[in-house]
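Here is the structure we will look at.
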Amino acid sequence: MLDPGSYDDQQKALRIRLQWVRLTQNFTDRPIPVDRAQMILEQFQMYFDQKMVGKIPDDAFAQMVGVFPETIRLARQSM
């Protein structure tokens, strides 16, 4: 585990975590499941390469945004 070394690093890490919480909340507010699935995948692809995102199980993404794993698979295929 890495600990932020300074107060400024701690604050930056907290802001990043809060940003992810807000983004995830925005996704889960969408009424159409496939929209939520696409949004979470797109967001992760902005921060990580396709290979890394491809390694994350459908179940994990599905739990983040409240959809079935099959919905995540559909969203991956349409991207």
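Collect the residues in segment 54-79 that are modelled with pLDDT of 95 or more and either among the acidic types (Asp, Glu) or closer than 19 Å to ILE16 by Cα (or both), keeping them in residue-number order.
Result: ASP58, ASP59, PHE61, GLU70.
Go through segment 16-48 residue by residue and tally those that are within 25 Å of PRO4 (Cβ to Cβ) and free of Cβ contacts under 8 Å to residues at least 40 places away in the same chain. Explain how you work it out, then say what you get.
Step one: list which residues in segment 16-48 are within 25 Å of PRO4 (Cβ to Cβ), which gives 16-25, 43-44, 46-48.
Cutting the leftovers down to free of Cβ contacts under 8 Å to residues at least 40 places away in the same chain gives us 16-23, 25, 43-44, 46-48.
Selection size over segment 16-48: 14.
Does ALA13 meet the test of being surrounded by 12 or more Cβ atoms within 10 Å (Cβ to Cβ), free of Cβ contacts under 8 Å to residues at least 60 places away in the same chain and under 15 Å from VAL65 (Cα atoms)?
no
If you take the residues in segment 23-51 that are farther than 17 Å from ALA75 by Cβ and at pLDDT 90 or above, which one is surrounded by the fewest Cβ atoms within 10 Å (Cβ to Cβ)?
Step by step, filter segment 23-51, then rank; the result is LYS51.
The values are calculated or read from the model by the stated rules, or taken from the named source; none is laboratory data. If you're wondering where the values come from, they're calculated on a predicted model, not measured in any experiment. No Cβ is skipped: glycine too gets one built from the backbone with ideal geometry, and neighbour counts run over all protein chains shown.
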